[in-house]
Every structure is written in C-alpha cells, then in structure tokens.
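So the structure is just underneath, and the comments pick up after that.
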Amino acid sequence: MSEFAATARGVTKRFGRTLALDDVGIEIRAGESHALVGRNGAGKSTLVSILTGMQVPDAGEVSFFGEPAPPVADRAAWRRHVACVYQKSTVVPELSVAENLFINRQDLGGGLISWRKLRHQASELLETYDVAVNPDELVSALTVEQRQLVEIARALSIGSRFVILDEPTAQLDGPAIERLFDRMRSLQDKGVTFLFISHHLQEVYEVCQTVTVYRDARHIVTAPVAEMSKPDLIEAMTGEAGGLNVPSGDDRPSSSDEVLKVSALSGESFSDISLSATRGEVIGLAGSASSGKHEFAETVYGLRKPSSGSISVDGSAVRGGDVPAALKAGIGCVPRDRHHQGLVLDLSIAENATMSTVGSFVWPSAQRSAGSTAIASYDVKAAGPDQPVSDLSGGNQQKVVMARALANDPSVLVLINPTAGVDVKSKESLLGVVDAQARRGKAAIVVSDELDDLRVCDRVLVMFHGQVVREFARGWRDQELIAAIEGMSSE
Amino acid sequence: MTKAMTPPVSAPAPPPRQKFQFARYQDLALVPVIIILLIIGAVLSPIFLTPGNLIAVLTQQSELSLLVLGQAMILIVGKMDLSLESTVGLAPALAVALIIPASSGGLDVGLAAWMALPLCLLIGVAIGGLNGFLILKVGLSGFMVTLGMLTALRGLQLAITEGKSLIDVPESFLYLGSTTWLGLPAAVWICIICYAAGIFVLKYLRAGRSLYAIGGNSEAARAAGIRVDRVVWIVLIIGSVLAVIAGILMTGRLGSVAATQGEGMIFQVFAAAVIGGISLQGGKGTLFGALSGVLMLGLVEQILRLQGVSGFYIKASYGAVIILALIVTRFATGQKQE
C-alpha cells in the first residue's frame, strides 16, 4: 500500500481550444486533509472530474493507494476508491435518507427490497458516523449541512477512504462550518483522506495540512500549510504579490443627503427594522443564515412582501413586494444566488445584462453594444456579448449579474452575497465596482458574511433572529464582528 | 432602448470582432431540409412545383401553423396547452350555436349574425383566461388542467351540437376562411401577418424577450423585474385566441363546423414545434423555426398525398413520417431534442 491516497501525474486535459489542465500533478498523502486552491478557471473542477472518473485525461495517469485508476466505465470501482461531495447535491430529494444511502443497492444484495432491513442498516450507518438524521426523513427536508453529512456517510459506506469536498462551506453558516471541520478532523483520525476545495483561505489554515495551488491550468506549488503565509498563498494564486486589494473606501466623501429610508419594516423572519442610507454610503448587513438578513434585503428589493412598514427612495414611497416598482424607484439588486435567481443561463451576456432595463423595444445591435460595454466596464472575461452566460466562470457570471443590477443607473444598490463563490481577482473587481458606485453618489447595502465584503462598508449592522442587534463603525476588529454574528457578546 | 451603461472603471474597449456563430443561424437549420423536400416532390410529381400545388400546401397548413404559433410561445414561456385543439372546434361551434335557431342545431338564443366573430374571439379569451387562472392562481398542474380542458371542451361541443355538424353558418363567419386576397387565400395572409408580428415581438420587444427569460429561469426573470404571472397569462390567452382564429378559418374553408373540428391536431402541433427547434422544457427556440417545422410537415404530407397513398394508410404513415422528421431534424441541427 502506498502512502498516497491519490496521485495524479502529468495530467493534461483539453476542451476544444481551451487547455483546462496543462501537465499537472497532485499527491495526496493518506490520512491528511489536502487543500486545493486556485482562482475560478484554474482547473480545480477539471481535476476533480478526472479524480472521480467523470472525465478521462488526454494524457497522464491517476492512481489510488498505488493502484492505477479503474477504467472510466467501471463506476462501481471508482466509487470504492473516491467519493465527491459537490456543491450541487447528488442525492435524490424526493426519496428518503435511507434509500439515498443505499441508492441502486436498495436490495442489500437480496434481490427484493426489504424496507425494514434497509431502514435498519441506514440507521446503523448514520449512527456509525454520528449523523443525527432520521432515516425515514425525505432528503428534501434536510438542511444543507445534514444533506452533506448524508452524502459523506454514503461515500464512506461504499468503502471509499478518500473524499473530495468541493466548496462544502459555501452554503453553510459559521457554526455549521465549525461542526463540519470537527467531523473532518475526527474522520481523519480514523484514516479518511480529504481533498478540500474552498475559496475561503482562512478555512484552509483551519483544517488542512497541505495545500496545492493551481493557476491558469498549471500546478504552481504544493507545500505544508504551516509553511505558507496568507500573502504567499494569494501570490501563488494570482501570480501577483500582495494580499487582497480591496478599496476600503475610508476616503469616500460622505454626504447628509438621505437616499434610502426604511421605516419599521417587518416581514418573514425579521421585524421592525429601520434604516437610512445617505448618498455615497455603503452599509454592511451581517448575520447568520437564519438572522433574517436575506429576507430583509429581498423585501427592500420587492422580491418579498413586507407585512408592515415602508420603504422610500429619494423621499417617495416604494410599493412593497413589487420588483418592477422597486426598479422604477431606482433600486438595483444582485440577488442571493446567481444560478437560481440571477441569470438565465442559456441566454447571452448581452441579454442577461439588459434584462431589467426600461423601454419596450430591444434592438439587438443596441443590446449587443450594451453587452460589450458591460463586458468592458465590469471586466468580464468573455468571447463577446453573444456568448451564453452558461459558458462563463462563476466570477464572470457574477459580474454579469452586477452589470444587470447597475444597468438602470439605480440610486440604491442591494447586493446579496455579491462575491459568493468567486475567486480573489473577481472579488477585487466586484468590490471595486461597489466602491466606485458609492463614489458616484449611490447608496448600497451589502449583505454578506465575508469580512472582505464588509470592509468596503462605512458601517456594518449585525442581525440576529430578525433584529438588528449591533452596529459597527469602520475599523471593527474581526473577532468582535464574528462574535456578534454568532450571537455572542464580546464584552 | 437600454440606457447607456455607467462605466465605473474606464471607457469601454471596442467590442471584440464578431466571430461566425453557428448558434445564430440555428433558425435556418430546416431550410435545407425544406429545399430537399421541394426537390424530392418535384422529381416524384410534375405538378408539385406549380403555384396551385404550393398554395394548396400553404392553405392546408395555415390552420395548423396558427396553433403552432400559439403553442410555440406557450412552450417558450415554459408551459404547454393541450386544449388548443378543442378550442379550434368549440369556439366556432358555441358562437354559431348562440346565433342560429334550434331548427338548425343552435341554442335558440338568437344573437345577431354580426356578433359571430367577436363572440368567437371572446370565447377564446375566456378559455385561455380560465386555463391561466387555474394554472397560475389556483396553482394546478398545467399539463393536467389543459388535458382536462381538452376533454371538457370537446365534450361541451358534442353536448351543444348533439354530435352534428353546424351547417347554417352566418356569411360573415365564412368570409375569412374562403376568400382570396391578391391571389392568395386570406388564411395564408393572416398566417403571414401573425407570424411576422410574432417574430417581431419575440425579437424586438422587451415583452417578447421576457418569454425566453421566464422559460429559461422564471426566478431570475422575477428578480429582474419581469411580471412573470402576467406575461404567462397573456401568452396563454394569445394561444387560445390563435386557436380560435384557426377554428374560424377552418369553418370558412369547410363551410360548416364539424363535430370533430380540430380533433387530433395537437399531436401535429407538438411535432411541428419540436421539429422546429422549440424546447419542451421552455426558454429555447424561435417562431421562424416553428414555422419551418410546419412547412416541413406540410410538404411531406403533400408528397404522400400526391403519391396516392391510400387514405387508410395516410394516418399511419403520417405518424411514422413525424418520427422520421424528428430523426432528420435531430441530425440536421446536431442538437438533442428535449
């Protein structure tokens, strides 16, 4: 048996003219948590699909514990070697947990399905891995956290000792992330190996021992985490020295001109929130996933109906629960989830970027030129305005959503998770846009948990259980803010 | 049109050179197939390429093409309407029955004859509106609602007419389906106008583009400020009204309202739409594509007819031909059909 749970050597993969992986390798030591980081488009996803046997490399070889990888057609053999928990779920939502755990082997080798036995085995399995989920529950009723645990348990039950976690923390809130890390550590003690992919470098330091950096389809460096400083790591990822270059905006001119006024707004999951934003002011809104911050922001933009209270822009009231009215009043929004709400993936960049604009006529040439302007203004890496957004990387898709939010030149911006799942460079340019818009006199609300996003804000409001519990002026300390988000008082 | 973008960074770079994009010409994928069918037809039958024959093909397809136009828009917006074929029969039957006396098979209500056309269109609005209400406001499955409506409307027509054809149709009602304008049947002109309007709206009007946004991702459309329910409802109503117009043309062409008017058309409607590149999942396809699907089916049917395929076989061969056409289209466009 080899000391490496998985190795890849000299792997090259092309998609048409694009070189997705250029002679790269990775060696993942058995029993470690190995981080794979890189910007969007660095080749992480391609490597994952090659390591899981979803794609065949054009050149190079993959092996598990010294054994060469099985042929691609032999799915069962692959599943014994490696399992992957993707961002997108690979469980069937309308089936029970028990059936999902034993999907396509529900008969447990018997020929006929014995539901009693299946349930029994499922609860044993869940108990082994300490997953507190009822096996009869439908998967659709689980939280993201529980769903991931079920997927991990399923992977381990098939016999795999090597698990790839592809951005597992993207949809989890703080405490859930901590619980996931605890579990990773305890499984690691039992000999499970992890390949951990994340955009949050802090998490790499928290839970991994080794880190591999890819950039532009090439392998840049592999080193023990303890020997890589954060600036070094960012430099390896971007090829440029220095940390995240986000404008803090502390030199932004302030004004006393009120643009947005929210009075005693109540709605689903939040109540009685008042807020006022002046021209050029950026307000951060932080809180855990259940704090009501998303619901509040979506209500301001009209995606949800308020139960009471009022919203006004430039002194005139905006009808609640009515997106077109909000747009007309001058509110632009980057919605929570770009795949679910932000984009129509099959349509072109130009069409997506101009979807909210006013006027009855759409001249394709004008639309294309608006698309080109958006590509240039927001630094979208794309072949042209006619390219469908489904072709773009996450960071570039998010820039298209941003372009759409700004297309009507709104006076108030509501940005929900504006940098979720995007790489360091895209994050810089997206936050740069927020700063630049504020300098042009717009007010913005940035709803996010990421400290980098909140640094661009003039003040940060922290919500807990539907209420604003604290307000931080510029210059807050990380620990203080995190403690407030988690509902702990730091004093 | 779109307001100028507000560049936060710098002046935009010149747009990159437009590459030849196959996707933009996907619309025309069926044109070669149509040309080949014309050649095959000409080789097999000397009269195939005569104006008379081609006009006959267009006239036969005019009613189907209006249904396909409506269905294509409904499919693009991500819904489907199976009841269109019953609307083709019921709306004219009900409108005529409200006018003619019981002795001719009517309901003895005795409304004025000029009301036939407006009444008929109004019935179309009502059917589409009811479908929309049940699907959007009550929240029922669109497939089941319109399947139920398909049966209910057909049954209603049989109940009103007691299974008989209505022969005593007002003159005003027959005009459109039987007259000729500038050498072409009015029915063909109406189709040309409807398609031209539809193609324009779906390409150049924001309201038309919103159909694609809704069909592609209705949540994103809503977040972009599109009034999703309203647009879908209007599209369902337009679909029913187009079906009613098809029914009026058919009544005019045949001179009476048959009890089975429109029966079995829905299969051809879906076939033409899918052959024309409309996705059953919504958000994809163009009306020009749908129109070429209709023309392709019409040409095939006419070739079979001119070859003297017996009436008993024509239905069987028609089904087979549609599946064959799907196969041909699958490879002509290089795309899997959804």
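Applying the selection to the range A:414-429, what residues are open to solvent by less than 10 Å² (accessible area, probe 1.4 Å), touching a helix residue (DSSP H, G or I) at 6+ places or on another chain (Cβ under 6 Å) and of a type outside the set (Val, Ile, Thr)?
Step one: filter the range A:414-429 for residues open to solvent by less than 10 Å² (accessible area, probe 1.4 Å), giving A:414-416, A:418-419, A:422-423, A:426.
Retained after the next criterion (residues that are touching a helix residue (DSSP H, G or I) at 6+ places or on another chain (Cβ under 6 Å)): A:414, A:416, A:418-419, A:422-423, A:426.
Matches in the range A:414-429: A:Pro418, A:Asp423, A:Ser426.
Among the numbered conditions (1) within 26 Å of B:Leu174 (Cβ to Cβ); (2) of a type in the set (A, V, I, L, M); (3) open to solvent by 30 Å² or more (accessible area, probe 1.4 Å), tell me where B:Val257 comes up short. Unmet for B:Val257, out of (1) within 26 Å of B:Leu174 (Cβ to Cβ); (2) of a type in the set (A, V, I, L, M); (3) open to solvent by 30 Å² or more (accessible area, probe 1.4 Å): (3).
Does B:Ala72 satisfy the condition of being of a type in the set (Gly, Ala, Ser), assigned to a helix (DSSP H, G or I) and at pLDDT 95 or above? Answer is yes for this residue. Of the strands (runs of 3 or more DSSP E) entirely within the range A:234-335, those holding at least 3 residues that are of a type in the set (A, V, I, L, M) occupy A:258-267, A:270-278, A:282-286.
Using the structure shown, decide if A:Asp409 is within 10 Å of chain B (Cβ to nearest Cβ), at pLDDT 90 or above and either open to solvent by less than 10 Å² (accessible area, probe 1.4 Å) or out of contact with any Leu (no Cβ under 8 Å at 6 or more places or on another chain) (or both). Give the steps one after another, and end with the answer.
Numbers: within 10 Å of chain B (Cβ to nearest Cβ): yes; at pLDDT 90 or above: yes; either open to solvent by less than 10 Å² (accessible area, probe 1.4 Å) or out of contact with any Leu (no Cβ under 8 Å at 6 or more places or on another chain) (or both): yes.
So A:Asp409 passes the test.
If you check A:Asp182, A:Asp173, A:Asp189, A:Asp216 for being at positive phi and either aromatic (Phe, Trp, Tyr) or open to solvent by 20 Å² or more (accessible area, probe 1.4 Å) (or both), only one passes: A:Asp216. Filtering the range B:30-69 to residues that are within 22 Å of B:Leu242 (Cβ to Cβ) and either in a loop (DSSP other than H, G, I, E, B) or open to solvent by 60 Å² or more (accessible area, probe 1.4 Å) (or both) leaves B:Leu58, B:Gln60.
Tell me yes or no: at least one residue of the range A:68-82 is under 24 Å from the mean Cα position of the chain (by Cα) and open to solvent by less than 20 Å² (accessible area, probe 1.4 Å). Break it down stepwise before answering.
The first filter runs over the range A:68-82 and keeps only residues under 24 Å from the mean Cα position of the chain (by Cα), leaving A:82.
With open to solvent by less than 20 Å² (accessible area, probe 1.4 Å) added as a condition, the list becomes A:82.
Yes - at least one qualifying residue is present in the range A:68-82.
Out of all the residues in the range A:107-117, is one or more surrounded by fewer than 18 Cβ atoms within 10 Å (Cβ to Cβ) and under 31 Å from the mean Cα position of the chain (by Cα)? Explain how you work it out, then say what you get.
First, the residues of the range A:107-117 that are surrounded by fewer than 18 Cβ atoms within 10 Å (Cβ to Cβ): A:107-117.
Subsequent filtering for residues that are under 31 Å from the mean Cα position of the chain (by Cα) retains none.
No, that holds for no residue.
Residues in the range A:335-342 include none that are away from chain B (no Cβ under 12 Å), open to solvent by 60 Å² or more (accessible area, probe 1.4 Å), under 25 Å from A:Ala289 (Cβ atoms) and touching a residue at least 40 places away in the same chain (Cβ under 8 Å). Restricting attention to the range B:269-280, does a residue exist that is more than 15 Å from B:Gln71 (Cβ to Cβ), buried (at least 19 other Cβ atoms within 10 Å of the Cβ) and under 22 Å from the mean Cα position of the chain (by Cα)? No, the range B:269-280 has no match at all. Within the range A:5-48, can you find the residues that are of a type in the set (A, V, I, L, M, F, W, C), at pLDDT below 90 and open to solvent by 10 Å² or more (accessible area, probe 1.4 Å)? Within the range A:5-48, A:Phe15, A:Leu19, A:Ala20 qualify. Would you confirm whether or not the range B:275-298 contains a residue that is hydroxyl-bearing (Ser, Thr, Tyr) and in a helix (DSSP H, G or I)? Within the range B:275-298, one or more residues are hydroxyl-bearing (Ser, Thr, Tyr) and in a helix (DSSP H, G or I). For A:Ala223, the conditions (1) in a strand (DSSP E or B); (2) under 24 Å from the mean Cα position of the chain (by Cα) all hold with the exception of (2).
Looking at the range B:308-323 only, could you name the residues that are open to solvent by less than 90 Å² (accessible area, probe 1.4 Å) and more than 21 Å from the chain's Cα centre (by Cα)?
B:Gly308, B:Val309, B:Ser310, B:Gly311, B:Ile314, B:Ala316, B:Ser317, B:Ala320, listed by residue number.
Close contacts from the range A:417-431, counting a first residue that is assigned to a loop (DSSP other than H, G, I, E, B) and of a type in the set (Ser, Thr, Tyr) and a second that is surrounded by fewer than 22 Cβ atoms within 10 Å (Cβ to Cβ) and modelled with pLDDT under 90, with Cβ to Cβ under 9 Å and a gap of 6+ residues or different chains, come to A:Thr419/A:Glu450; A:Thr419/A:Asp452.
Within the span defined as the range B:200-212, one or more residues are touching a strand residue (DSSP E or B) at 6+ places or on another chain (Cβ under 7 Å), within 12 Å of chain A (Cβ to nearest Cβ), open to solvent by less than 50 Å² (accessible area, probe 1.4 Å) and not in a helix (DSSP H, G or I). Candidates in the range A:360-406 are the residues that are among the charged types (D, E, K, R) and open to solvent by 30 Å² or more (accessible area, probe 1.4 Å); of these, the one that is nearest to A:Gly432 (Cα to Cα) is A:Asp379. Over 30 Å from A:Ser45 (Cα atoms), modelled with pLDDT of 90 or more, of a type in the set (D, E, K, R) and open to solvent by 50 Å² or more (accessible area, probe 1.4 Å): is that true of A:Arg439 in this structure? Taking the combined requirement at face value, the residue satisfies it.
The values are calculated or read from the model by the stated rules, or taken from the named source; none is laboratory data. Owing to the predicted nature of the structure, the values given are computational and were not obtained by experimental measurement. So basically every Cβ, Gly included, is an ideal-geometry build from the backbone, and we count neighbours across all protein chains shown. Accessible surface areas use protein heavy atoms only, side chains included; no ligands, DNA or RNA. Shrake-Rupley method; radii C 1.70, N 1.55, O 1.52, S 1.80 Å.
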